[in-house]
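Presented below is the structure to which this report refers.
The values are calculated or read from the model by the stated rules, or taken from the named source; none is laboratory data. Keep in mind that this is a model prediction, so the values were computed, not measured. We place every Cβ from the backbone using ideal geometry, glycine too, and count neighbours over all the protein chains shown. Surface accessibility is based on the protein's heavy atoms, side chains included, excluding ligands, DNA and RNA. Shrake-Rupley method; radii C 1.70, N 1.55, O 1.52, S 1.80 Å.
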Amino acid sequence: MSLAANLRTRLARAPASIIIMASLLGAFVLMALFAPLLAPFDPARQSLIQRLRPPGHTTAQGLTYLMGTDDLGRDLLSRVIHGARASMLVAVASVSVSLLIGSALGMLAGWRRGWIEVAIMRFVDIMLSIPAILLAVLAVAVVGPGFQTLILVLGLTRWPRYARVAYAQTLQVATLPYMRAAELAGAGGPRLLLRHILPNIAGPLLVVATAEFGLMILFEASLSFLGLGIQPPTPSWGTILSAGRQYLERAWWLTAFPGACLFLLVLSVNVLGDWLRDHLDPRSRPRG
Amino acid sequence: MLRYLLSRLLQAALTTFGVMTIVFFVMRLSGDPVLLLVPEGATREHIETVRRELGFVQPIWRQYLTFLGGLLNLELGVSVVQRVPAWDILASRIPYTLALAGAALLVAVGFGIPAGIAMAIWRGRWFERPIAALVVTGQSMPTFLSGILMIMLFAVTLRWLPSSGVDGPASVVMPAIALGMLSMSTFARMARIAVVDELSKDYVRAGLARGLPLGKVVTRHVLRNAAIPVVTIAALETGNLLAGAIIVETVFAWPGIGQLAIQAIQSRDFLVVQAIVLFVSLVYVAVNLAADLLYAGIDPRIRLGKP
């Protein structure tokens, strides 16, 4: 059974919690995709007389701020909706960058062996011995914060995890008889790697990618919270939370809404990731 | 054993050297590292003087050798902002971060490992559910968010604990929980997998068949064998705790190296930032080396180089 078909049959038998989490994640994806259509206000429009209004506040003109306003009088709901965009975009882009680099290098190391293997895997070990968030903080501080920097820094610091998995899986697959057969049939290096190895190691890589996706959302929020990620006025949950911290006693909504979104998004990704792992990796599948 | 020891030491040295190399190149990512080493708004003459003084006019390979040589002599440079050696600034903050990371490790191990063992033993029973929910919550909660929520609840509303700073042992409670939560989840998951793995082995069935109670089999035999992967995780988590301190210390105004890192970035004191990254990475390499050696002490298979 192919990977996709396998997943489809399992999804049909998934427990309610998985369905809920999948819908939640779906809602966040839609929110990110259609942010400009969904947001009731321009997320950047400030209003000095409407500062720190509580959720549900209605102005004299009949405009309602469902989640209240922030310290600059901007509509919090619109900012939270647009914040989903920043989160998703950074996570998707940085996971793609690291998945691409990591699986290419890992497969190469597992396939070619010899000095290439030693060089790549040593480099992986070294990269993994610098705590990722610290390396990201240093790189962002040197290059200067911003959207592209964030994606590149996260993408270029997180690939070793994929490389390790791709390497270990390739080593296993490369010894199987069908590989020998493909080689004898005249398949060249790139064809062997892409057509015969990649489909067989895609499952474990996908599991790493989901776990990393949740982590990248957390990293983006954390770096933005520290002022090293997305820069104002672009809305990001991390920057909203960072500003809201100064108004903890007066404006709870500035922390509660973006905080809840961040938590629910990462939770849904993690729960789905765990489920995916249990169903793709027979070793951790619960018995019975 | 000696051979294993030597090869591990050599590996750690190589890693250290690699870390230094990566930091050297990251510092040059912006194109001109001198701009990072002068105070903001420095005049052109000042920049050129610093460039000459610090040897940035030399070819890059000589700069690299000088950089490595300096590190071997434990010279981390002089802070351009405070005009004292970067190491002195760093050293005054280290005890705070160690205390915080230690307390967080205690939280993570103290809750995570029992939770993991419980989930493994009661797999599929109803009380696995609430523990599993707690673990996945810990894994999905950003440290700064749990920090802010705890401040809201315990400091602002209930007024039980100080909201920030260092004021007696009570002030470490919230930062340690916030920092330890993610690691707690990792420990719980790893302990669960390790114990589940061991429980399926023949010796467990043999023990049960001979009439030993499950509790005895677990405490006497399973935990001993399951301890090995958990020790490795503990070493890996130390690095995460030290790095996570950057965020937690900022939220709680805890005067450790994490807060120092952010302050140094804000005041553009890059030699101090560089010193912090090098320090944390080296501690990380050292802890992992120690874990591997401990490992070899526990498990003779590793010591003898057999799979």
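So, with +1 on the Cβ of K and R and -1 on the Cβ of D and E, and no other charges, what is the size of the charge dipole of chain B about its Cα centre, to the nearest 20 debye?
Details: 25 positive and 17 negative charges, 281 e Å.
In debye, rounded to 20, chain B gives about 1360.
Which value, in Å², gives the accessible area per residue of the protein assembly as shown when a 1.4 Å probe is used on the protein heavy atoms? Present the calculation step by step, with values, prior to reporting the outcome.
Values: 28350 Å² over 595 residues.
The answer is 48 Å² per residue.
Roll a 1.4 angstrom probe over the protein heavy atoms and tell me the percent of accessible area of the stretch B:2-72 that is carbon or sulfur.
On the way: 2880 of 4400 Å².
Heavy-atom surface of the stretch B:2-72 belonging to carbon and sulfur, 1.4 Å probe: 65 percent.
Which trypsin sites (Lys or Arg not before Pro) from the stretch B:15-92 combine a DSSP loop assignment with at most 16 other Cβ atoms within 10 Å? Write out the running numbers ahead of the final one.
Working: sites: B:Arg28, B:Arg44, B:Arg51, B:Arg52, B:Arg62, B:Arg83; in loops: B:Arg28, B:Arg83.
Passing both the DSSP loop test and the Cβ count: B:Arg28, B:Arg83.
Report the charge-dipole magnitude of the protein assembly as shown in Debye, nearest 20, computed about the Cα centre from +1 at each Lys and Arg Cβ and -1 at each Asp and Glu Cβ. Could you put the intermediate results ahead of the total?
Numbers: 49 positive and 30 negative charges, 408 e Å.
Charge dipole of the protein assembly as shown: 1960 debye, to the nearest 20.
Helix B:223-252 sits at what angle to the longest principal axis of chain B, using alpha carbons and giving 0 to 90 degrees rounded to 10?
Helix B:223-252 and the main axis of chain B meet at about 40 degrees.
Once R0 is set to 45 Å, what does the formula 1/(1 + (r/R0)^6) return for the Cβ-Cβ distance between A:Ala44 and B:Lys201, expressed as a FRET efficiency to the nearest 0.05?
That pair, A:Ala44 with B:Lys201, gives E of 0.15.
Tell me the mean residue ellipticity at 222 nm calculated for the protein assembly as shown from its helices only (DSSP H runs of n ≥ 4, each -39500 (n - 2.57), averaged over every residue, nearest 500). Don't skip to the end; give the middle numbers.
Numbers: 25 runs with 417 residues, N = 595.
Roughly -23500 deg cm²/dmol at 222 nm, from the helical runs in the protein assembly as shown.
Helix A:198-225 versus the longest principal axis of chain A: what angle, 0 to 90°, nearest 10, using Cα atoms?
For A:198-225 against chain A, the angle is about 30 degrees.
Among B:Ala176, B:Ala191, B:Ala291, which one shows the highest mean-square fluctuation when chain B is modelled as a Gaussian network with alpha-carbon springs under 10 Å?
B:Ala291
Quick one: order B:Val204, B:Val287 from most to least accessible surface, probe 1.4 Å.
Values: B:Val204 5, B:Val287 45 Å².
From most accessible down to least: B:Val287, B:Val204.
Do any trypsin sites (Lys or Arg not before Pro) in the stretch A:1-88 lie in a DSSP loop with no more than 16 other beta carbon atoms within 10 Å, and if so, which? Before the final figure, lay out each step's value.
Numbers: sites: A:Arg8, A:Arg10, A:Arg13, A:Arg45, A:Arg51, A:Arg74, A:Arg79, A:Arg85; in loops: A:Arg13, A:Arg45, A:Arg51, A:Arg74.
Here the trypsin sites (Lys or Arg not before Pro) that fit, given the DSSP loop and packing criteria, are A:Arg13, A:Arg45, A:Arg51.
Answer rounded, prolate or oblate for the protein assembly as shown, using the Cα gyration tensor with square roots of eigenvalues a ≥ b ≥ c: rounded when a/c is under 1.5, else prolate when a/b is larger than b/c, else oblate.
Numbers: a/c = 1.40, a/b = 1.13, b/c = 1.25.
Here the protein assembly as shown falls in the rounded category.
Dipole size in debye (nearest 20) for chain A around its Cα centre, Lys and Arg Cβ +1, Asp and Glu Cβ -1? All intermediate terms of the calculation are to be shown ahead of the outcome.
Working: 24 positive and 13 negative charges, 131 e Å.
About 640 debye.
5 Å is the cut-off here: which amide hydrogens, built 1.01 Å from N in the peptide plane, fall below it relative to A:His57, excluding neighbours closer than 5 in sequence?
Here the answer is A:Tyr65, A:Gly68, since their amide H atoms fall under 5 Å of that of A:His57.
Using a 1.4 Å probe on protein heavy atoms, which residues of the stretch A:191-227 have at least 50 Å² less accessible area in the complex than alone?
Residues of the stretch A:191-227 that lose at least 50 Å² of accessible area once the other chains are added: A:Leu218, A:Phe225, A:Leu226.
Going by a ≥ b ≥ c, the root eigenvalues of the Cα gyration tensor, does the stretch B:2-72 fall in the rounded group (a/c under 1.5), the prolate group (a/b larger than b/c) or the oblate group? Can you show the working numbers first?
Values: a/c = 3.79, a/b = 2.95, b/c = 1.29.
Judged from the Cα gyration tensor, the stretch B:2-72 comes out prolate (a/c at least 1.5, a/b above b/c).
What is the average number of partner chain Cβ atoms found within 10 Å of a Cβ in B:240-250? Can you show the working numbers first?
Values: counts 4, 1, 3, 8, 4, 3, 8, 8, 0, 0, 6.
If you average over the peptide's residues, the count of other-chain Cβ atoms is 4.
How would you classify the stretch A:151-288 from its alpha-carbon gyration tensor, with a ≥ b ≥ c the square roots of the eigenvalues: rounded for a/c under 1.5, else prolate if a/b is greater than b/c, otherwise oblate? Provide the component values of the computation, followed by the final result.
Details: a/c = 4.72, a/b = 2.30, b/c = 2.05.
Prolate shape, in that a/c is at least 1.5 and a/b is the bigger ratio.
Order B:5-16, A:250-261, A:231-242 from most to least packed using the mean count of other Cβ atoms within 10 Å. Could you put the intermediate results ahead of the total?
Values: B:5-16: 14.6, A:250-261: 20.2, A:231-242: 22.9.
Going by the mean number of other Cβ atoms within 10 Å, highest first, we get A:231-242, A:250-261, B:5-16.
Between B:Leu72 and A:Leu194, what is the label-to-label distance in nm when each label sits 7 Å out along the Cα-to-Cβ direction?
4.6 nm
Which whole-angstrom value gives the distance between the alpha carbon centres of the stretch A:257-282 and the stretch B:18-40?
37 Å
Work through the residues other than B:Arg189 whose Cβ is under 11 Å from its Cβ and net out their charges, Lys, Arg +1 and Asp, Glu -1.
Values: positive: A:Arg277, B:Arg192; negative: A:Asp274.
That works out to +1.
Assuming R0 = 45 Å, can you tell me the calculated FRET efficiency for the pair A:His57 and B:Thr232, based on Cβ-Cβ distance, to the nearest 0.05?
E(calc), rounded to 0.05, equals 0.25.
Among A:Pro233, B:Thr219, A:Leu52, flag the residue with its Cα farthest along the positive direction of the charge dipole of the protein assembly as shown, charges on Cβ as +1 for Lys/Arg and -1 for Asp/Glu.
The residue sitting farthest along the positive end of the dipole is B:Thr219.
For helix B:44-53, report the angle its Cα long axis makes with the longest principal axis of the Cα atoms of chain B; keep it between 0 and 90° and round to the nearest 10°.
Between the helix axis and the principal axis of chain B, the angle is about 70 degrees.
Once you have the Cα-Cα distance between B:Ile60 and B:Val84, take 0.36 nm times their residue separation minus that, and quote the gain in nm to one decimal. Intermediate values should be presented prior to the final figure.
Details: separation 24, 0.36 × 24 = 8.64 nm, distance 2.61 nm.
The B:Ile60-B:Val84 span can extend by a further 6.0 nm.
Buried accessible area for the A:B pair, summed, 1.4 Å probe, in Å² rounded to 100? Intermediate values should be presented prior to the final figure.
Numbers: alone 15050 and 17240 Å², together 28350 Å².
Summing both sides, the interface buries roughly 3900 Å².
How charged is the neighbourhood of A:Phe213? Take every other residue with its Cβ under 14 Å from the Cβ of A:Phe213, and add Lys/Arg as +1 and Asp/Glu as -1.
Values: positive: A:Arg158, A:Arg161, A:Arg277; negative: A:Glu212, A:Glu220, A:Asp274.
Cβ neighbours under 14 Å give a net charge of 0.
Mind jotting down the distance between the C-alpha centroids of the stretch A:164-234 and the stretch A:67-93, whole Å?
Cα centroid to Cα centroid, the span is 30 Å.
Rank B:Ile121, B:Gly41, B:Ile60 by how far each Cα sits towards the positive end of the charge dipole of the stretch B:25-148 (+1 on Lys, Arg Cβ; -1 on Asp, Glu Cβ) and give me just the farthest.
It is B:Ile121.
Would you mind calculating the gained length between B:Glu45 and B:Leu214 on full extension (0.36 nm times residue separation, minus the Cα-Cα distance), in nm to one decimal? Don't jump to the answer; show the numbers that get you there.
On the way: separation 169, 0.36 × 169 = 60.84 nm, distance 7.62 nm.
Using 0.36 nm per residue and subtracting the Cα-Cα distance, I get 53.2 nm.
How much of the accessible area of the stretch B:94-299, probe 1.4 Å, is carbon plus sulfur, in whole percent? Before the final figure, lay out the partial values.
Working: 5760 of 8620 Å².
That fraction is 67 percent.
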